[in-house]
Structures are given as structure tokens and as C-alpha cells.
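What follows is a short report on a single structure.
Only the coordinates and a few stated rules stand behind these numbers; no lab work does. Fair warning: this is a prediction, and the values are worked out from it, not measured in the lab. Cβ atoms come from the backbone with ideal geometry, glycine included; neighbour counts cover every protein chain shown.
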Amino acid sequence: MGLAEQCLQAYAQARRLTLPARYRQAKRVLVAGMGGSAIGGDLLQDMAHFQGATRAVFTWRDYGLPAWVDAETLVIASSYSGDTEETLSAFDAALKRGAPVVALTSGGELKRRAQAKGLPTIDITYKGEPRTSLGYSFLAPLALLADLGFLHCTEAEVEQAVCLLEGLASRYGEVVPEETNEAKALARKLWGKVPIVYSAGLLTGVARRWKTDFNENAKTWAFAEALPELDHNAVNAYARPVVARESAFVLLLRSSFLSPRLLLRYEATAAILKREGVAHEAVDAPGDGPLAHILGMVYLGSWASYYLALLCGVDPSPVPAIAYLKERLAQGA
Ligand code: F6R
């Protein structure tokens with residue numbers, strides 16, 4: 001199943017979920033998850049900020065929960081496997097606080113615990129690596145939050161974004177040669193470099209997603225930073241050490257929905273990168289509409305990281321270091 005189809009399925013599934021009446025009183029939302037299951041929370045947060053939402057949306061990547069989570073905080077516990085210990089710890093803490101909880105999972109302990117408590121659960125039916133279930137980790141909570149009035153998202157917007165993804169599949173796919181394939185061309189430029197992904201506002205979570213896709217698919221170092229903050233520190237550091245300056249490739253992810261001041265910062269920052277001799281390139285979000293910009297950019301980053309994995313001669317799917325850590329932690333040693 002491609003990302004487009006998965007997004008539609010996840011959105012429709014979440015729309016069918018009936019939430020208990022008290023969930024509708026929630027004053028804020030916290031998405032608890034790790035890695036590929038947390039990124040949807042960041043994308044939602046960016047959408048909420050972009051739309052000027054008056055009720056806050058947070059992402060939480062840690063054990064337990066922040067002290068302010070209470071019975072009026074909707075907690076979405078997101079774990080593809082359902083066995084991620086940090087997310088289970090957040091889930092348990094949410095129940096102790098009397099928070100309304102929704103589970104988003106394909107199974108494991110999270111599903112068992114949610115079912116035992118009779119909690120609303122969105123079943124991830126998509127099969128694959130956790131990070132590839134982004135259609136679920138983003139579109140399912142998006143449908144819930146739109147239903148609860150936290151943010152706006154119409155079916156037409158979802159369809160428009162999905163339509164874009166379908167079109168992009170035939171632009172970035174394997175049969176398309178490098179000369180006309182933006183994802184392959186990007187991967188080629190990044191080969192042997194350290195991708196450093198810059199972004200702002202609506203695309204902040206997308207940059208993190210690019211970073212994590214480079215880490216997990218291509219098994220390469222990568223970092224992400226956001227404007228305007230990076231203009232107050234990172235821009236000062238490009239010269240040293242020389243090995244870092246020569247290894248870095250800065251990707252400036254841009255969206256036409258960013259404010260003119262931010263877009264001016266992209267230009268000014270690129271001018272400094274040029275002056276300092278740091279390889280860089282601006283990447284513009286494809287499609288129309290904020291949701292399309294987020295999803296289209298996520299998609300391009302995933303394909304680019306996939307092609308980079310192939311260039312590096314690594315298998316993009318397994319993540320042995322993550323598996324080792326989970327096993328080691330499970331043994332308690
Ligand atoms: C692996 C991946 C990881 C996992 C993370 C949490 O594909 O993306 O970042 O998402 O280790 O595991 P889950 O998603 O099962 O809660």
C-alpha cells in the first residue's frame with residue numbers, strides 16, 4: 001500500500017471512531033510516542049500553529065508525562081508496535097491522571113492495555129516498518145483533532161493532498177531516471193555528505209522527519225534545525241571544524257506558506273552559506289495547500305533517503321541498532 005492510500009485509509013478509519021462525550025471537553029492534546037510514531041504529533045503541532053489554533057497540541061517523547069497533563073488533556077498514545085516502553089509509560093501515567101486516552105497502534109501491549117480499559121483505539125492495519133506508517137501517525141490524529149475542533153481539515157483538503165502524493169509517486173518512483181527524478185538527484189548530491197535540514201514554521205516537523213529518514217533508511221548522520229532560531233547561532237559556526245564544513249550539505253526546506261520575513265531569512269541564510277563555502281540547496285514544497293506541502297515534502301524526503309540508502313549500499317528497511325537497544329533495555333541490563 002502506498003502512502004496516498006494509507007493516508008486515506010487512516011483518515012477514514014479515524015473518522016469512524018466514536019469518542020466518549022467527555023473527550024470533547026479536552027482543552028489540549030498531547031501525542032505521546034517515539035521515533036516514527038511520534039512524528040505525526042510534530043506535523044499536527046505545525047498545522048495547529050499555522051492555523052492559529054487556540055488549544056495547544058504537544059508532542060511528548062519521553063517516559064511518564066509532563067506535570068501539567070490532567071483530566072482535560074487528551075492523550076494520544078501512538079506506538080506502531082505497541083511495545084515501546086516510553087509510550088507505555090506515558091499511557092499508564094495518562095490513565096493515573098484521569099486523562100482521556102486514545103491508543104493508536106497495530107498491536108502489542110498498548111493494544112492489550114487499551115482494550116482491557118475499553119479505550120478508543122485506532123488499529124493500524126498497515127504492515128511495514130513503524131516509520132512507514134506515517135499515514136496513520138499523522139492523518140488519524142488529524143481526523144480526530146479536526147472532529148474535536150482543535151484544527152480545521154476538510155475531506156477536500158485530504159483528497160487534494162492525497163492526489164498530490166499519487167502524482168508525486170510517478171515523479172519520484174524507481175522507473176524515473178535521475179535526470180528528471182528530484183528524489184534521485186537529491187540523493188546523489190547528498191552521497192558522502194552529512195545532510196543538515198533547515199526549515200521553519202509549517203515545515204519544522206518535516207525537517208525532523210527528513211533527518212530521521214536519513215538516519216533510519218540511509219543509516220547516515222543527519223541533523224535538523226529551524227529558522228528563525230538557527231539565524232541566532234548556527235550561522236556563526238560554518239567555518240569550523242573544516243571537516244564539518246566540507247561534509248555538510250544544507251537543505252533549506254521552503255513553503256510558500258511561510259511568512260515573507262521567514263522567506264527573507266532563507267535568502268539571507270543561504271547567502272552566508274555561500275560565502276562560507278558550505279554546499280546547500282533550497283527545496284520547495286510541491287502542491288497547493290498547507291497539508292499538501294507537509295505531505296509532499298515528507299514524501300520527497302522519504303524517497304531521497306531511500307535512494308541514498310541504495311547509493312550507500314545499505315538495506316533501507318531494518319534498523320538493527322534500534323532493535324539492539326530495545327532488546328537490551330527489555331533485558332534490564
Ligand atoms: C522504526 C522506527 C522507529 C520506531 C520507534 C518507536 O521504523 O521508525 O523510530 O518508530 O522505535 O517504535 P514504535 O513506533 O513501534 O512505537
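Below, the figures for the structure above:
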{"item": "Stretchable slack from Arg275 to Thr54, in nm (0.36 nm times residue separation minus alpha-carbon distance)", "result": "75.4 nm"}
{"item": "Cα centroid of the range 18-91 to Cα centroid of the range 249-276, whole Å", "result": "31"}
{"item": "Ranked packing of 48-61, 93-106, most packed first, by mean Cβ within 10 Å", "result": "93-106, 48-61"}
{"item": "Between 0 and 90°, nearest 10: helix 260-276 axis offset from the chain longest Cα axis", "result": "50"}
{"item": "Of Ala323, Ala268, Ala207, the one that fluctuates the most in a GNM where the chain has Cα springs shorter than 10 Å", "result": "Ala323"}
{"item": "At most 10 other Cβ within 10 Å, DSSP loop - trypsin sites (Lys or Arg not before Pro), the range 124-180", "result": "Lys127"}
{"item": "Test item: Cα-centred dipole of the range 176-299, Lys/Arg +1 and Asp/Glu -1 on Cβ, debye", "result": "300"}
{"item": "Where labels lie 7 Å past Cα in the beta-carbon direction, separation of Thr180 and Gln115 in nm", "result": "4.9"}
{"item": "Rule-of-thumb Rg ratio for the chain [Cα; 2.2 N^0.38 Å; N residues]", "result": "0.99"}
{"item": "Unsatisfied cross-links (Cα-Cα over 22 Å) in the set Lys193/Lys274; Lys111/Lys219; Lys111/Lys211; Lys184/Lys211; Lys27/Lys96", "result": "Lys111/Lys219; Lys111/Lys211"}
{"item": "Leu19 versus Val242: modelled label distance in nm, points set 7 Å from Cα along the beta carbon direction", "result": "5.7"}
{"item": "Between helix 3-16 and the chain: long-axis angle, C-alpha atoms, 0 to 90°, nearest 10", "result": "20"}
{"item": "Two-site label geometry, Glu166 and Leu325: point separation in nm, points 7 Å out along Cα→Cβ", "result": "3.8"}
{"item": "q = 0.18, 0.23 Å⁻¹, the range 1-90: log10 I(q)/I(0) [Debye, one scatterer per Cα]", "result": "-0.94, -1.36"}
{"item": "Positive-end residue of Ala156, Pro130, Gly287, charge dipole of the chain with Cβ unit charges", "result": "Pro130"}
{"item": "Angle between the chain longest axis and helix 85-96 axis [Cα atoms, degrees, rounded to 10]", "result": "40"}
{"item": "GNM result for the chain, Cα springs below 10 Å: residue of Asn233, Asn181, Asn217 fluctuating most strongly", "result": "Asn233"}
{"item": "For Val319, net neighbour charge (Lys/Arg +1, Asp/Glu -1) across residues whose Cβ lies under 9 Å away", "result": "0"}
{"item": "Full-stretch length increase - Asp70, Asp288 - with 0.36 nm per residue and alpha-carbon distance subtracted", "result": "74.7 nm"}
{"item": "In Å, descending, principal axis extents of the Cα set of the range 82-136", "result": "32, 21, 17"}
{"item": "Within the range 1-29, backbone nitrogen closer than 12 Å to the virtual label 7 Å beyond the Cα of Asp123 toward Cβ", "result": "none"}
